[in-house]
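The numbers here are math on the coordinates, done by the rules we state, and not lab data. Keep in mind it's a predicted model, so treat the numbers as computed, not measured. All Cβ positions, glycine included, derive from the backbone under ideal geometry; neighbour counts span all protein chains shown.
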Amino acid sequence: MYRYNEFDRAFVQSRAAQFRDQIERWQDGRLSEDEFRPLRLQNGWYVQRHAPMLRVAVPYGELSGAQLRVLARVAREYDEPDADVYRRALDAQRKLGTVRLPTHHAHFTTRTNVQFNWIPLSKAADVMDLLASVDMHGIQTSGNCIRNISCDERAGVAPDEIADPRPFAEIMRQWTTLHPEFAFLPRKFKIAVSGAHEDRAATGWHDVGLRLVRDGDGELGFRVSVGGGMGRTPVVGTVLREFLPWRHVMNYIEAVVRVYNQYGRRDNKYKARIKILVKAEGQRFIDEVEQEFRQIVELDGAPHTIPRAELERVSAYFVTPAQAAAGRAPDPAATAARQAAASHTSPFERWLSRNVAPHRDPSLRIVTLSFKRPLQAPGDASADQLERVADLVERFSCAEARVTHTQNVVLPWVHVDDLLPLWEAARDVGLASANVHLLTDMIACPGGDFCALANARSLPVADAIAERYQDLDELEDIGEIDLHISGCINSCGHHHSGHIGVLGVDKDGAEWYQVTLGGSDGAARGGDAQPGRVIGPSFSAHEIPDVVDAVLTTYVSLRQSDGVRRESFIDTVRRVGPEPFKAAAHAARSPARSAA
Amino acid sequence: MNPTSRLRLLSAAAHAADDRGSVVVLTNDADPLDHRDAIANAARVELQFPQFTDGRAYSQAYLIRRRLRFAGDLRALGDVLADQLIQMERTGFSSAVLKDGIAPEDARRQLDRFGAFYQADVVRDAPYRAGDAD
């Protein structure tokens, strides 16, 4: 993992002191509400439906055990609203039918950050100081700036990796942090980077998507796509460069962001993302970026070229941890115990096949702790659970964890002998659901229970589906499927990229849900990134589980099988088209409404 | 630009009293490269922040200072608040006219908050580029 040096540490502390000063000037009226808002947003502080929300940056998803413990402490000591705020929130949400509004929790997001829903703004400066004590902050987790860079959760450990993207992600983190020219862009700007053959970082859906590739001479570089994004207008990024030498990546991104800063629309926030500029200008945008890049290199002296020595210096932070590198020959007793447990205990055997992935080191495994279980929202973690995750990470994964964009936590350095004790410990804290990539491993945003932007609640829909599909045999029979739920068109729940997408919409003040089929985030199980297609008019909340059921029943009846391989849901949808699913979904509407 | 030169903070009155000869005024949707001759002959270039959240003038300033190598006074006008001054300094502005009501001491304090920054700007090279032989 990257380790902060004195410079990084002083920088984050200066930022915390700056924010404390800004809060004071806002409180005594020297900063108006409008002047303060962008400042607090760029420190990660939103104002939500009932209370402020803090978003903490987790650069490229990497977390240490010590950081997990501080996140647990923030949840335990600060994630609690004033009694009257909480009472009002409960009253409002109960009217909609919500039964839980957990406090003392953290929430893992689809951009691999961590959110807290209840910290009073009066405690903001103290929380930022506490986070700074473990090199954490909320810098650029919101606002119209370059946001936290996301990455492949298996970076540096995946067998299908071309090169480790984390050194580049760290160099880009530094370059984007408080960049003086790009703090007030037309709209937010998101970068994702992946270094493997499989795209596990949804790069096509980002403003800039970077994939490490090698050219014919074996030189390392990036395939660069620009203008991907969700929201009202889902667009998959356009490839600007099939190969950009790695040392130029920041010069090139500077060209992209400068063209966007100058020409992106600022008159309409729904048309302000770079994807709209790329679509509207097409080849002219590409020409403009290429010309700007040439001038940065030829006239400005290529000020952001990465020297090889700098790449080597940063790469040294991302070597295999000493404990994992030292190696440990598999212990025959542990192997025997694991095999015996797997043959006798079907939950363990299922977990091994679902939540455990191969590692580039044959004696190690990549293990996913599933945060998808009944009675807790996808990605939610209580203070105690965070503390227990820190225990597991320190005991079994060289004190290192990764947040995934599907709202789980990955342990990247697990020895094969430790799988059984890890499973037992994870099961005891409720983090061993054997459902990775299955229907219940769904993505959901916090939705209308917390977010002021939401049109509808996401979590009760997620709850209802999780409750209906608890039989692992049934889930395995349905197979791998990405279900993504967003409470509004801002698409934090990535519904556009779901094999099944559910989008909350508002109709005359009531909550309704649109269903899309056939989307993909770009991972191997869904094929190239693409948005799903809407199947008919929206459904009521209580119809959604029946609609999902109808869609899945249709799939099971239509899928092809050669006796060995079974066609996946997404492949069946692509082969037969939306019509049979549309008809089945329509038939699942409530009779009263269908008759009306 | 001299690395030790700092952003000069001006009141509206001081700005109004300044010499208006040889000044180029650009709106924030202008491409500075289209005005290179006028800029080359100017003593001062004035850029606009209609709202402080509109960041186009930062890119204009960067291009004027770095690409066009303008050596005169580069001034920020409009919605110029305390917390964005350091960005102005780092993108090449040499003077800024503070919006009415901003206390000069609050403003000045913001310029010295950070000992250093990560990335290259108009004023300084990136820290890792010092001694770069690559």
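Measure off 7 Å from each Cα along the Cα-to-Cβ vector at A:L299 and A:H197, then give the distance between these two points in nanometres to one decimal.
Placing both labels 7 Å beyond Cα along the Cβ direction yields 4.4 nm.
Over what distance in Å are the Cα centres of segment A:103-139 and segment A:190-218 separated?
So the two Cα centres are separated by 29 Å.
First check a/c for segment A:506-564, with a ≥ b ≥ c the square roots of the eigenvalues of its C-alpha gyration tensor; if it is under 1.5, answer rounded, and if not, answer prolate when a/b is larger than b/c or oblate otherwise. Walk me through the intermediate numbers first.
Working: a/c = 3.43, a/b = 1.58, b/c = 2.17.
Oblate shape, in that a/c is at least 1.5 and b/c is the bigger or equal ratio.
Expected output is a single nm value to one decimal: the length gained when fully extending between A:E242 and A:R214, i.e. 0.36 nm times separation in residues minus the C-alpha distance. What is it?
Difference between extended and current length: 9.1 nm.
Assigning unit charges at the beta carbon (Lys, Arg +1; Asp, Glu -1) and nothing else, what dipole magnitude in debye, to the nearest 20, does segment A:150-317 show about its Cα centre? Could you put the intermediate results ahead of the total?
On the way: 25 positive and 25 negative charges, 195 e Å.
Charge dipole of segment A:150-317: 940 debye, to the nearest 20.
Rounded, prolate or oblate for segment A:3-43? Axes are the square roots of the Cα gyration tensor eigenvalues, ordered a ≥ b ≥ c, and the cut-off for rounded is a/c under 1.5.
Values: a/c = 5.29, a/b = 2.48, b/c = 2.13.
Since a/c reaches 1.5 and a/b is larger than b/c, the shape of segment A:3-43 is classed as prolate.
I need the semi-axes of the equivalent ellipsoid of segment A:331-428: take the C-alpha gyration tensor, multiply each eigenvalue by 5, square-root it, list largest first in whole angstrom.
Details: eigenvalues 98, 47, 30 Å².
Calculated on Cα positions only, the semi-axes equal 22, 15, 12 Å.
Just to check I understand the Karplus step: with θ = phi - 60° and J = 6.51 cos²θ - 1.76 cosθ + 1.60, what whole-Hz values come out for segment A:37-50, glycine and proline as x?
3, x, 6, 5, 4, 6, 9, x, 9, 9, 10, 9, 4, 10
What Rg and what Dmax come out for segment A:443-595 when only alpha-carbon atoms are used, in angstroms?
My reading of the Cα-based Rg and Dmax gives 14.9, 49 Å.
In chain A, what cysteines have no partner Cβ closer than 4.7 Å?
Singleton cysteines: A:C145, A:C151, A:C398, A:C451, A:C488.
Which net charge results for the neighbourhood of B:V23, defined as the other residues with beta-carbon distances under 10 angstrom from its beta-carbon, given Lys and Arg at +1 and Asp and Glu at -1? Display every interim value, and only then the final one.
Values: positive: B:R20, B:R44, B:R75; negative: B:D18, B:D19, B:E46, B:D73.
Taking every Cβ under 10 Å from that of B:V23, the sum is -1.
Per residue, how much space in cubic angstrom lies within the convex hull of the C-alpha atoms of segment A:150-317? Don't skip to the answer; put the middle values down first.
Numbers: hull volume 19.8 nm³, N = 168.
Per residue, the Cα convex hull of segment A:150-317 comes to 118 Å³.
Could you go through segment A:521-535 in sequence order and give the Karplus-derived ³J(HN,Hα) for each residue, using 6.51 cos²θ - 1.76 cosθ + 1.60 with θ = phi - 60°, rounded to whole Hz, and x for Gly and Pro?
After applying 6.51 cos²θ - 1.76 cosθ + 1.60, I find 8, x, 5, 4, 5, x, x, 3, 4, 6, x, x, 10, 5, 10 Hz.
Could you give each residue of segment A:332-346 its phi-based ³J(HN,Hα) in whole Hz, using Karplus coefficients 6.51, -1.76, 1.60 with θ = phi - 60°, and x for Gly or Pro?
With coefficients 6.51, -1.76 and 1.60, one gets x, 5, 5, 4, 5, 5, 5, 5, 5, 5, 5, 7, 8, 10, 5 Hz.
Using modelled amide H (1.01 Å from N, peptide plane; none on Pro or chain starts), what sits under 5 Å from the amide H of A:A196, excluding residues fewer than 5 places away?
A:I162, A:L212
Within a Cβ distance under 10 Å of A:K275, other residues only, what is the Lys/Arg minus Asp/Glu net charge? Don't skip to the answer; put the middle values down first.
Details: positive: A:R187, A:K271, A:R273, A:K279; negative: A:D207.
It works out to a net charge of +3.
Calculated from DSSP H runs of 4 or more alone, at -39500 (n - 2.57) each and per residue, what is the 222 nm mean residue ellipticity of the protein assembly as shown, nearest 500?
Numbers: 26 runs with 264 residues, N = 730.
It lands at -10500 deg cm²/dmol.
If you place +1 on the Cβ of every Lys and Arg, -1 on the Cβ of every Asp and Glu, and leave all else neutral, what size is the dipole of chain A about its Cα centre, to the nearest 20 Debye? Don't skip to the answer; put the middle values down first.
Numbers: 71 positive and 79 negative charges, 236 e Å.
Computed about the Cα centre, the dipole is about 1140 debye.
Once you sort the root eigenvalues of the Cα gyration tensor of segment A:6-132 as a ≥ b ≥ c, which label holds: rounded (a/c under 1.5), prolate (a/b larger than b/c) or oblate (the other case)? Walk me through the intermediate numbers first.
Details: a/c = 2.04, a/b = 1.22, b/c = 1.67.
Judged from the Cα gyration tensor, segment A:6-132 comes out oblate (a/c at least 1.5, b/c at or above a/b).
Which of A:G536, A:T516, A:S150 sits farthest toward the positive end of the charge dipole of chain A, with +1 on the Cβ of Lys and Arg and -1 on the Cβ of Asp and Glu?
A:G536
Along the charge dipole of the protein assembly as shown, Cβ charges K/R +1 and D/E -1, which of A:P358, B:L7, A:H494 sits furthest on the positive end?
Toward the positive end, the furthest listed residue is B:L7.
Can you give the longest run of chain B that contains no trypsin sites (Lys or Arg not before Pro) sitting in a DSSP loop with at most 16 other Cβ atoms inside 10 Å? Mind showing how you got there, number by number?
Details: sites that count: B:R6, B:R20, B:R69, B:R113, B:R124.
Longest stretch, sites excluded: B:21-68.
Inside 10 Å of the C-beta atoms of B:108-115, what's the mean count of C-beta atoms belonging to other chains? Show your work: numbers first, answer last.
Values: counts 0, 2, 3, 0, 1, 5, 7, 4.
If you average over the peptide's residues, the count of other-chain Cβ atoms is 3.
Can you give the FRET efficiency for A:R565 and B:A116, using 1/(1 + (r/R0)^6), R0 = 56 Å, r = Cβ-Cβ distance, to the nearest 0.05?
Numbers: r = 57 Å, r/R0 = 1.01.
My answer for the efficiency is 0.50.
Report Rg(Cα)/(2.2 N^0.38 Å) for chain B, keeping two decimals. All intermediate terms of the calculation are to be shown ahead of the outcome.
Working: Rg = 14.8 Å, N = 134, 2.2 N^0.38 = 14.1 Å.
For chain B, the normalised Cα radius of gyration is 1.05.
If the cut-off is a Cα-Cα distance under 30 Å, which lysines reach A:K275, setting aside same-chain residues fewer than 8 apart in sequence?
Of all the lysines, those that pass the test against A:K275 - Cα under 30 Å, at least 8 places apart if same chain - are A:K188, A:K190, A:K507, A:K582.
Given R₀ = 35 Å, what would the calculated FRET efficiency be for A:E349 paired with A:A66, taking r from the Cβ atoms and rounding to 0.05?
Details: r = 34 Å, r/R0 = 0.96.
E between A:E349 and A:A66, to the nearest 0.05, is 0.55.
About its Cα centre, what dipole magnitude does segment A:85-130 give when the only charges are +1 on Lys and Arg Cβ and -1 on Asp and Glu Cβ, stated in debye to the nearest 20?
Details: 7 positive and 3 negative charges, 66 e Å.
Dipole about the Cα centre, nearest 20: 320 debye.
Using only atoms on other chains, find how many Cβ atoms lie within 10 Å of each Cβ of peptide B:48-58 and report the average. Write out the running numbers ahead of the final one.
Numbers: counts 0, 1, 1, 3, 4, 11, 6, 12, 8, 3, 9.
That works out to 5 on average.
Express as a percent, rounded to the nearest 5, the fraction of DSSP beta bridges in segment A:443-595 (both residues included) that run antiparallel.
Numbers: 14 of 20 bridges.
Bridges in segment A:443-595 are about 70 percent antiparallel.
Need one number: % antiparallel among DSSP beta bridges in the protein assembly as shown, to the nearest 5. If you can, show how the numbers build up before the last one.
Details: 52 of 79 bridges.
In the protein assembly as shown, DSSP labels about 65 percent of beta bridges as antiparallel.
Which of A:V70, A:G44, A:L96 sits farthest toward the positive end of the charge dipole of segment A:6-132, with +1 on the Cβ of Lys and Arg and -1 on the Cβ of Asp and Glu?
A:L96
Rounded to the nearest Å, what's the spacing between the alpha carbon centres of segment A:482-505 and segment A:295-335? Just the number, please.
So the separation of the two Cα centres works out to 35 Å.
State, in angstrom, two size descriptors of segment A:140-226 derived from its alpha carbons: Rg to one decimal place and Dmax to the nearest whole number.
Cα-based Rg and Dmax for segment A:140-226 come out at 13.4, 41 Å.
Taking all pairs of different Cα atoms in chain A, averaging 1/r and flipping that mean, what Kirkwood radius in angstroms comes out? Don't skip to the answer; put the middle values down first.
Details: mean 1/r = 0.0403 Å⁻¹.
Final number for the Kirkwood radius of chain A is 24.8 Å.
To the nearest 0.05, what FRET efficiency results for B:N41 and B:D73 with a Förster distance of 22 Å applied to their C-beta separation?
On the way: r = 14 Å, r/R0 = 0.62.
For B:N41 and B:D73, the calculated efficiency is 0.95.
So, counting K/R as plus one and D/E as minus one, what does the shell of residues with Cβ under 15 Å around A:A75 add up to? Please list the in-between numbers first.
On the way: positive: A:R55, A:R69, A:R73, A:R76, A:K123, A:R388; negative: A:E77, A:D79, A:E80, A:D126, A:D380, A:D384, A:E387.
Result for the neighbourhood of A:A75: -1.
Specify the inter-centroid distance of segment A:433-474 and segment A:61-100, based on alpha-carbon positions, in whole Å.
Here the two parts' Cα centres lie 18 Å apart.
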